[in-house]
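Reading through the structure tokens given below for one structure.
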Amino acid sequence: MQTVYFQGNPVEVYGEIPAVGTKAPDFKLTTAALGEVTEKSYEGKRLVLNIFPSLDTDVCAASVRRFNKDAASYDNTEVLCVSMDLPFAMSRFCSANGIDGVSVASAFRSPEFGKEYGVSIVDGPLKNLLARAVVVIDEKGTVIYRQLVDEITHEPDYEAVHSVLKK
């Protein structure tokens with residue numbers, strides 16, 4: 001278990017976020033169009049997993065907008081924004097906000113995603129949602145950057161992600 005904070009209060013998160021240098025866990029998520037996306041969908045490309053609780057919060061929405069803006073500057077890289085939001089809500093959010101540089105996917109059918117990536121919140125008011133994290137995976141499926149944001153109400157370290165992807 002790991003501890004993060006929500007509005008200054010500790011909450012437990014199941015498991016451990018994948019370590020740098022390890023193979024990223026396999027996943028199967030649901031797209032906004034109700035299809036499936038897996039880690040194999042990104043073979044040969046770098047993948048940024050922007051993981052967060054819900055698009056219905058200002059900080060989560062801001063992170064998707066920021067990665068949408070930054071995505072065009074990353075070579076051979078896809079950004080996948082992952083939450084427990086229903087695909088319908090994700091689609092509506094993307095349409096309303098002009099989100100077209102990143103993809104969205106829901107873990108609502110795949111609770112194992114949160115456990116395998118060490119981001120399932122197990123207690124507190126956000127229980128069963130995903131903690132805020134970023135995992136960057138290289139073209140070979142190896143984790144090259146990870147951040148479990150210690151305070152859920154804070155945005156991730158975009159500059160650290162940027163520096164890893166510009167190498």
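The values are calculated or read from the model by the stated rules, or taken from the named source; none is laboratory data. Source: prediction; values computed, not measured. Counting neighbours? That spans all protein chains shown, and the Cβs are built from the backbone with ideal geometry, glycine included. When the accessible area is computed, the model is the full protein with side chains, heavy atoms only, and any ligands, DNA or RNA have been set aside. Shrake-Rupley method; radii C 1.70, N 1.55, O 1.52, S 1.80 Å.
In region 42-78, whose amide N lies under 19 Å from the spot 7 Å out along Cα-to-Cβ of Arg92? List them in ranges. Hits in region 42-78 for Arg92 at 19 Å: 53-62, 64-65. Which entry in [x] 10, 38, 33, 16, 3; [y] 11, 44, 39, 7, 0; [z] 10, 35, 29, 20, 6, 0 matches P(r) over Cα pairs in 10 Å bins from 0, in percent derived from the coordinates of this structure? Among [x] 10, 38, 33, 16, 3; [y] 11, 44, 39, 7, 0; [z] 10, 35, 29, 20, 6, 0, the one derived from this structure is [y].
When both region 107-166 and region 13-76 are represented by their alpha-carbon centers, they are found 8 Å apart.
Based on DSSP H segments of at least four residues, each scored -39500 (n - 2.57), the chain has a per-residue ellipticity at 222 nm of -6500 deg cm²/dmol. First measure r as the distance between the Cβ atoms of Val122 and Asp75, then evaluate 1/(1 + (r/R0)^6) with R0 = 35 Å and state the FRET efficiency to the nearest 0.05. With R0 = 35 Å, the Cβ-Cβ based efficiency is 0.40. Taking every DSSP beta bridge with both residues inside region 81-148, roughly what % is antiparallel (nearest 5)? DSSP beta bridges in region 81-148 are roughly 65 percent antiparallel. Its Cα gyration tensor gives region 12-53 an equivalent ellipsoid. The semi-axes, each the square root of 5 times an eigenvalue, are 20, 16, 9 Å from largest down.
For region 72-77, backbone phi angles converted through the Karplus equation (6.51, -1.76, 1.60; θ = phi - 60°) give residue-by-residue couplings of 5, 8, 9, 6, 6, 9 Hz, Gly and Pro being listed as x.
Amide hydrogen proximity for Thr31: with H placed 1.01 Å from N in the peptide plane, the residues at 5 or more positions away or on another chain lying under 5 Å are Glu36, Val37, Ser106.
Once the mean of 1/r is taken over each pair of separate Cα atoms and inverted, region 10-80 shows a Kirkwood hydrodynamic radius of 14.2 Å.
Which of these, Pro53, Pro125, Pro111, has the largest mean-square fluctuation under a Gaussian network model of the chain (Cα springs below 10 Å)? Checking each option, the largest mean-square fluctuation is seen for Pro125.
Per residue, the chain exposes an accessible area of 47 Å² to a 1.4 Å probe, with every protein chain left in place. Surface composition of the chain: carbon and sulfur make up 50 percent of the accessible area, probe 1.4 Å. Put Arg132, Arg109, Arg146, Arg46 in order of accessible area, highest first, and with a 1.4 Å probe you get Arg109, Arg146, Arg46, Arg132. For the chain, DSSP calls about 70 percent of its internal beta bridges antiparallel. Residues whose amide H lies under 5 Å from that of Thr142, counting only those 5 or more places away or on a different chain, are Ala24; hydrogens are built 1.01 Å from N in the peptide plane.
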